[in-house]
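J.: My questions will all concern the structure given below.
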Ligand code: PLP
């Protein structure tokens, strides 16, 4: 079942809409140009996780592309409505979506969607994933030189990300790690790259440089904070594929799938650590409740 709640100013708690009926104008620029932004967050047993971090990133994405946003309290009410309208489940995906609306619209189109998570994601938390390194075709300093490419924003234009995932599946892999033309590790199509290095009893969590044209992950941010409190050292790239091959464990992490352990990269097996996965998954859950 999918629940839709539109942020219509006339409805205090949001306007509930029928997901089996058309709800958007065919001329909405979200549909015709992919001109909009979104967030995906997880609700566990009816409690949405890291709402403020997602609302903050939504606001940054909106600012990057000159999009007006409904106020944070309207989102919070609509999220509550969407969760309440869905039958109780352990895990629910909550999407916040905003488009530029139809041409000339005074206000954006904004809605919340609640639906079940894909079952493959839950399986991958325990079974792990095989990934391919795929070239994204630009260098790691492009985001700073070309802000019009909206590289740090979570825009609705995910066709390329989805195409990369399909390419991986056609080639017997589960997921992708993008690399830059200057050989840096970037991110997954829907996830942040994370690796653990254990040397002489010192445990370090490392993620690629945030300023390399990747989306700053809310999961990575809360996990880093919780891990630092638990005694982990933290590191921010730059990372190259060899760093991943030499790591003690590598994960793709995101709000919905959480930590998915990487078992192989380009067909080459790498170490996995169920103990570290368990520890970091617990730290992520703990940090996400704040
Ligand atoms: N990078 C990209 C491109 C993503 O689409 C996502 C999530 O969808 C992430 C990273 C992970 O972000 P978060 O941890 O906030 O879910």
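The values are calculated or read from the model by the stated rules, or taken from the named source; none is laboratory data. Being a predicted model, the structure only gives us computed values, none of them experimental. Cβ: placed from backbone, ideal geometry, glycine included. Neighbour counts: every protein chain shown.
J.: Being more than 15 Å from residue 217 (Cβ to Cβ), within 15 Å of the ligand (Cβ to nearest atom) and assigned to a loop (DSSP other than H, G, I, E, B) is the filter here, so list the residues in region 141-159 that pass it.
T.: Listed by number, the residues that qualify are 150, 156, 157, 158.
J.: Inspect region 211-223 for any residue being more than 13 Å from the ligand (Cβ to nearest atom) and within 29 Å of residue 119 (Cα to Cα) and give the result as yes or no.
T.: Filtering region 211-223 for residues more than 13 Å from the ligand (Cβ to nearest atom) gives 211.
With the extra rule that they be within 29 Å of residue 119 (Cα to Cα), the set shrinks to none.
No, the conditions are met nowhere in region 211-223.
J.: Any residue at all in region 38-48 that is assigned to a loop (DSSP other than H, G, I, E, B), surrounded by fewer than 21 Cβ atoms within 10 Å (Cβ to Cβ) and at pLDDT below 95? Let's see the steps before the verdict.
T.: Going residue by residue through region 38-48, those that are assigned to a loop (DSSP other than H, G, I, E, B) are 45-46.
Okay, now just the ones that are also surrounded by fewer than 21 Cβ atoms within 10 Å (Cβ to Cβ), so 45-46.
Of the ones still in play, those that are also at pLDDT below 95 are none.
Scanning region 38-48 turns up no residue that is assigned to a loop (DSSP other than H, G, I, E, B), surrounded by fewer than 21 Cβ atoms within 10 Å (Cβ to Cβ) and at pLDDT below 95.
J.: Mind checking which helices (runs of 4 or more DSSP H) fall wholly inside region 198-290 and carry at least 1 residues that are at pLDDT below 95? Steps first, please.
T.: Numbers: elements: 218-229, 241-245, 274-288.
Helices (runs of 4 or more DSSP H) meeting the threshold: 274-288.
J.: Tally the residues that are assigned to a loop (DSSP other than H, G, I, E, B) and in contact (Cβ under 8 Å) with a residue 24 or more places away in the chain, restricting the search to region 49-74.
T.: The number of residues fulfilling the criteria is 7.
J.: Could you give every pair whose Cβ atoms fall below 7 Å, whose first residue belongs to region 244-269 and is closer than 20 Å to residue 221 by Cα, and whose second residue is within 16 Å of the ligand (Cβ to nearest atom) and at pLDDT below 95, counting only separations of at least 6 or pairs across chains?
T.: 256/121; 257/121
J.: So, in region 75-95, of the ones that are without any contact (Cβ under 8 Å) to a residue 60 or more places away in the chain and more than 23 Å from residue 57 (Cβ to Cβ), which residue ends up surrounded by the most Cβ atoms within 10 Å (Cβ to Cβ)?
T.: Taking the candidates together, the pick is 89.
J.: To continue, here is another question. Sort through 98, 176, 112, 102 and tell me the only one that's touching a residue at least 40 places away in the same chain (Cβ under 8 Å), over 28 Å from residue 249 (Cβ atoms) and in contact with a helix residue (DSSP H, G or I) (Cβ under 6 Å, 6 or more places away or on another chain).
T.: 112
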